[in-house]
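Asks: Pasting in a structure now, in structure tokens, and then I'll have a few things to ask.
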Amino acid sequence: MKKGFVLLETIAVLSIICVTLITLYGGYVRIIKNVKLQNYYDNTEYIYKAKTVGDFIANVVIEKQIASDDLFIYCNTAVYQTEENPNPTLVTCDNSGLDYNGLLKEMRVAGVYITKWNTRDIDTMSLLQVEPTTQKYIRHINDKKGSGYRIIVMFKDRLDSSKYQYASIRYVPK
Amino acid sequence: MKNKGFIATSLIYSFFLVFLALLAVILSSYVFNDKLLSTFNKSILNRINREIDSTSDSPSYVQDVLDILHITPNATKPNFNNLAISDEGVFIADDNFGPSYYYRGDVTDNYVVFGNWGTGNTRPLPMYWRIIRVNGDGSLRLIYEGYKLRDELNKDPISTVAWSTSNTSTGYYNAFSGKLNEFYANKILGTKYEAAISDSGFCSTKSSTVTNASNCTKKEDKIICNNEEKSIDDFSDYDKIVTFSPSPVGISPSLSCTKDNLYSVSSTEGNGLLQYPIGLISSNEIVMAGGKYTTQENTASENFSNIDFYLFKNYNYWTMSIYSKKTNNGAGTSLMSIKFLNNANAAKPNNQDDSTLYAFGYSEDGNLVENALDNATYGLYPVINLKEEYVSTFEGDGTISNPFIGKLDRGA
């Protein structure tokens, strides 16, 4: 009688503990994911850096260069072949012609992309021209409203790092 | 002996509970900071985006409003010497915030439903408004049209009142602002509609840097007075549409004015003299919409009367623009200072002869005329500005049968 009661009690307590832990773990995973996103996407430091890059790029990129494309690549880290562009040329951001005053290098800029403001309008095939991490960031952007352009800047976490951080702001070509 | 192991078990349970509590505290602290940071970042991002956007010729938020209102603006400038008696569409002119898009002529696609004429538990009596223009900041400027009762639009003004009820030697004040404030307090203040109102301001001459505009000439697009180049903002409402007409400068209505002349609640962009963000139409807006100042020297050969445009209301109504004080010999004008505050003790300007004070009004027979301030036969059609965020919720095509309706009035 007593042994049976102890067993039942143990099962009940274990069940409660399991449910509590699973719930907490679910919440924990979600929070950690949000915190990671917060850290890697649009954090305060990179928003301001993206604005500086935008001001710099606005003087060299004119509207007609970007108006016809869903996604205009100013510079990036790797090239990806697509059906439309089977032989893409890699133009890295430390190219002296693009980064004539060393600003992009100083800010550890790894890629600069210009898209339509509403990224939902970007064609899937165009997205394939850029890194999977950039694709993921673009899909994460949730501004459905609005017209005009957006500049997306990809930063290297550290010089020797393979992790990237992203920020995007409105872009007005001069 | 019976409780053997009780303390150990209790300790284990206690530690476990403390562990859970700590975990909960850590997680909730994460959530709190995450939300804080997220809100903070979002706010920074929005501000930066808006700041960048506002540097472009036509900011995207203005473009969005134009899309919602199905507006394709005309690239040309209309001839303000001509009356607009047909639907001429939408034109562009700068206001204090950037390019503004104004309706001209007998347009029929600028109806908006906003607010409720009825109060308390009475059934909704939707108020109808007409769009005057999309302001440079993306907000929408509306003039009251009437309210709907049993499928009929009651188009009476909200009140009929003298512009100024006090023409005494001790002071004067404009009576209409009290009526407008009353309307705002009864229909908008404290209701769900208040959050949709923008404080974009109303231009009306309070001061002018040009003392004798009739001596000015126009060279190309510049106005030169005493060898000094002047901005159109430096002139009074009167000068823009009366002194300059017809020559040498020509009718030069404008939607922009100096900060001192922009009546608003906040003193950031305007003069901060309004109690509530509500005003009247300006004489310049009437001319740009298709009306024309009717001179006292009106001749039969020239038609100044317009009853075929959207601002003709078949009712005498006031504008917010002062006409001026005429001097005794009738040659030239001087400005008076207006107090748009319901303040009977407002100081009266020096050397003003009360019997010669006028403001612009639009008459029931279709004339933009000067009107003595104590004329009590003119009515008020309030003008308000709606925030661009609210305008983005509009549905409809702007006709009277399918007006633009925002989310606050849908299903009302």
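Asks: Look at the stretch B:41-71 and say how many of its residues are more than 7 Å from chain A (Cβ to nearest Cβ), of a type outside the set (Gly, Ala, Ser) and outside any loop (DSSP other than H, G, I, E, B). Before the answer, list the steps.
Replies: Initially, the stretch B:41-71 is screened for residues more than 7 Å from chain A (Cβ to nearest Cβ), giving B:42-43, B:46-47, B:50-51, B:54, B:57-59, B:61-62, B:65-71.
Right, trim to of a type outside the set (Gly, Ala, Ser) and you get B:42, B:46-47, B:50-51, B:57, B:59, B:61-62, B:65-71.
After this cut, where a residue has to be outside any loop (DSSP other than H, G, I, E, B) as well, the list is B:42, B:46-47, B:50-51, B:61-62, B:65-68.
So the count comes out to 11.
Asks: Given the options B:Gly105, B:Gly98, B:Gly136, name the one that is touching a strand residue (DSSP E or B) at 6+ places or on another chain (Cβ under 9 Å), on the phi > 0 side of the Ramachandran plot and either surrounded by fewer than 22 Cβ atoms within 10 Å (Cβ to Cβ) or not aromatic (Phe, Trp, Tyr) (or both).
Replies: B:Gly105
Asks: Can you name every residue in the stretch B:31-40 that is more than 7 Å from every other protein chain (Cβ to nearest Cβ) and β-branched (Val, Ile, Thr)?
Replies: Within the stretch B:31-40, just B:Thr39 meets the criteria.
Asks: Within the stretch B:369-387, can you find the residues that are at pLDDT 90 or above and part of a strand (DSSP E or B)?
Replies: Once the filter is applied, which keeps residues that are at pLDDT 90 or above and part of a strand (DSSP E or B), the stretch B:369-387 yields B:Gly379, B:Leu380, B:Val383, B:Ile384, B:Asn385, B:Leu386.
Asks: Just checking: which of the helices (runs of 4 or more DSSP H) contained wholly in the stretch A:59-132 hold 3 or more residues that are more than 20 Å from A:Asp143 (Cα to Cα)?
Replies: Numbers: elements: A:63-67, A:103-106, A:124-127.
Here the list reads A:63-67, A:103-106.
Asks: Does B:Pro59 count as under 23 Å from B:Tyr293 (Cβ atoms), surrounded by 12 or more Cβ atoms within 10 Å (Cβ to Cβ) and in contact with a Lys or Arg (Cβ under 9 Å, 6 or more places away or on another chain)? Break it down stepwise before answering.
Replies: Details: under 23 Å from B:Tyr293 (Cβ atoms): no; surrounded by 12 or more Cβ atoms within 10 Å (Cβ to Cβ): yes; in contact with a Lys or Arg (Cβ under 9 Å, 6 or more places away or on another chain): yes.
No: the conditions fail for B:Pro59.
Asks: To continue, here is another question. Let me confirm something: among A:Arg108, A:Arg150, A:Arg139, A:Arg120, which residue is under 23 Å from B:Asp53 (Cβ atoms), surrounded by fewer than 19 Cβ atoms within 10 Å (Cβ to Cβ) and either among the small types (Gly, Ala, Ser) or in the same structural domain as A:Gln81 (by TED's automatic domain parsing) (or both)?
Replies: Details: A:Arg108 fails: under 23 Å from B:Asp53 (Cβ atoms); A:Arg150 fails: surrounded by fewer than 19 Cβ atoms within 10 Å (Cβ to Cβ); A:Arg139 fails: under 23 Å from B:Asp53 (Cβ atoms).
Being under 23 Å from B:Asp53 (Cβ atoms), surrounded by fewer than 19 Cβ atoms within 10 Å (Cβ to Cβ) and either among the small types (Gly, Ala, Ser) or in the same structural domain as A:Gln81 (by TED's automatic domain parsing) (or both) holds for just one of A:Arg108, A:Arg150, A:Arg139, A:Arg120, which is A:Arg120.
Asks: Among the residues of the stretch A:132-156, which ones are over 17 Å from A:Ile73 (Cβ atoms) and in contact (Cβ under 8 Å) with a residue 60 or more places away in the chain?
Replies: Matches in the stretch A:132-156: A:His140 only.
Asks: Oh, and also: Just one of A:Ile114, A:Ile141, A:Ile151 is in contact with a Leu (Cβ under 9 Å, 6 or more places away or on another chain) and of a type in the set (A, V, I, L, M, F, W, C); which is it? So that I can check it myself, show each step before the final result.
Replies: Details: A:Ile141 fails: in contact with a Leu (Cβ under 9 Å, 6 or more places away or on another chain); A:Ile151 fails: in contact with a Leu (Cβ under 9 Å, 6 or more places away or on another chain).
Selected residue: A:Ile114, the only one of A:Ile114, A:Ile141, A:Ile151 that is in contact with a Leu (Cβ under 9 Å, 6 or more places away or on another chain) and of a type in the set (A, V, I, L, M, F, W, C).
Asks: If you don't mind, another one. Taking the condition at pLDDT below 90 and in contact with an Asp or Glu (Cβ under 9 Å, 6 or more places away or on another chain), does B:Gly105 pass? Break it down stepwise before answering.
Replies: Details: at pLDDT below 90: no; in contact with an Asp or Glu (Cβ under 9 Å, 6 or more places away or on another chain): yes.
Here the answer is no, as B:Gly105 does not meet what is asked.
Asks: Something else about it: Under the condition of being part of a helix (DSSP H, G or I) and facing chain B (nearest Cβ under 9 Å), which residue from the stretch A:38-54 is farthest from B:Asn33 (Cα to Cα)? Please lay out each step first, then the result.
Replies: Initial filter on the stretch A:38-54 (part of a helix (DSSP H, G or I)): A:38-40, A:44-54.
Remaining after also requiring facing chain B (nearest Cβ under 9 Å): A:38, A:44, A:47-48, A:50-51, A:54.
Numbers: A:Gln38: 11, A:Thr44: 14, A:Ile47: 19, A:Tyr48: 21, A:Ala50: 24, A:Lys51: 25, A:Gly54: 29 Å.
Looking at residues that are part of a helix (DSSP H, G or I) and facing chain B (nearest Cβ under 9 Å), I get A:Gly54.
Asks: Oh, and also: Which ones in the stretch A:14-51 are free of Cβ contacts under 8 Å to residues at least 60 places away in the same chain and touching a Leu at 6+ places or on another chain (Cβ under 7 Å)? Walk me through it before giving the result.
Replies: Step one: of the stretch A:14-51, the residues free of Cβ contacts under 8 Å to residues at least 60 places away in the same chain are A:14-36, A:38, A:44-45, A:48.
Residues satisfying the conditions are A:Thr20, A:Leu24, A:Gly27, A:Tyr28, A:Ile31, A:Gln38.
The values are calculated or read from the model by the stated rules, or taken from the named source; none is laboratory data. This is a predicted model, so every value here is computed, not measured. Using ideal geometry, Cβ is built from the backbone for each residue, glycine included, and neighbour counts are taken over all protein chains shown.
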